[in-house]
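Please read the structure below before turning to the comments.
A short reminder: the numbers here are calculations on the coordinates, not readings from a lab. All of these numbers come straight from a predicted model, not from anything done at the bench. Heads up, the Cβs are rebuilt from the backbone with ideal geometry, glycines too, and the neighbour counts pull from every protein chain shown.
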Amino acid sequence: MFEWIVDPNAWLALATLTILEIVLGIDNIIFLSLVVAKLPKAQQNKARRIGLAAAMLMRLGLLASISWVISLTNPLFTVMEHSISARDLILLLGGLFLIWKASKEIHETIEGSAEEQSTKVHSFFGAIVQIMLLDIIFSLDSVITAVGLSDHLFIMMAAVIISVGVMMFSARPIGEFVNRHPSVKMLALAFLILVGFTLMLESFQVHIPKGYIYFAMFFSMAVEVLNLMRGKKNRTAN
């Protein structure tokens with residue numbers, strides 16, 4: 001069972017899968033931050049921990065049922081010469097939900113006053129459910145990829161546990177930074193719309209390399225950080 005410990009290829013697979021899970025978890029952290037921000041301050045850390053822990057258990061459950069996960073890619077029916085699988089339907093619904101959620105948040109940010117937004121509280125249980133469901137949608141492709149990259153279930157599960165640990169450590173500072181800067185929050189919401197649109201395209205077998213999306217995100221965020229630094233310097237000078 002543990003022969004992989006002395007296999008260099010197994011360790012390489014673990015490192016690759018862990019990095020993959022962490023990179024693909026970036027959009028998950030952004031969504032998590034926006035959902036948790038709706039809760040009272042006293043509940044936010046608890047919601048992050050419970051939501052990510054529950055999502056991790058669901059991912060491990062998916063990995064444990066590998067044959068069922070692979071079956072999600074089997075065609076269910078055909079539309080205009082395109083085969084549609086259960087995975088495609090999940091990605092389509094997830095993309096539509098992300099676009100609706102981000103658009104709704106943008107509308108509230110623009111139209112609602114700061115006081116109205118600060119007093120608007122969503123249910124704790126509802127936030128946990130949203131975190132869990134969106135984590136499954138975000139991680140579906142990475143789980144399927146993990147099955148293709150490694151034959152060892154323990155390695156795949158270890159990669160998921162390590163990546164969720166990193167997300168737990170980084171979710172709070174990222175969330176606080178986004179909430180402190182309205183322009184960054186708007187950028188994050190726009191990024192979620194982009195991710196939702198990408199998920200919809202993926203459901204129709206239109207594949208967009210993830211590297212392009214993450215490059216656009218990091219470039220936009222870098223420009224925004226420079227603007228924030230310039231604004232801070234101008235305020236200090238005045």
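Peptides 196-206, 37-47, ordered by how many other C-beta atoms sit within 10 Å of their residues on average, highest first, read 196-206, 37-47. Maximal additional length on extending the ALA54-HIS207 stretch stands at 52.2 nm, based on 0.36 nm per residue less the C-alpha distance. Computed from the Cβ-Cβ distance with R0 of 25 Å, the FRET efficiency linking LEU76 to LYS104 stands at 0.25.
The 3J(HN,Hα) values that the Karplus relation (6.51, -1.76, 1.60; θ = phi - 60°) gives for segment 158-164 are, in residue order, 4, 4, 5, 5, 5, 5, 5 Hz. Gly and Pro appear as x.
Derived scalar couplings between HN and Hα for segment 84-101 equal 10, 10, 4, 4, 4, 5, 5, 5, 5, 5, x, x, 4, 5, 4, 5, 5, 5 Hz in order, rounded to whole Hz, by the Karplus curve 6.51 cos²θ - 1.76 cosθ + 1.60 (θ = phi - 60°), x for Gly and Pro.
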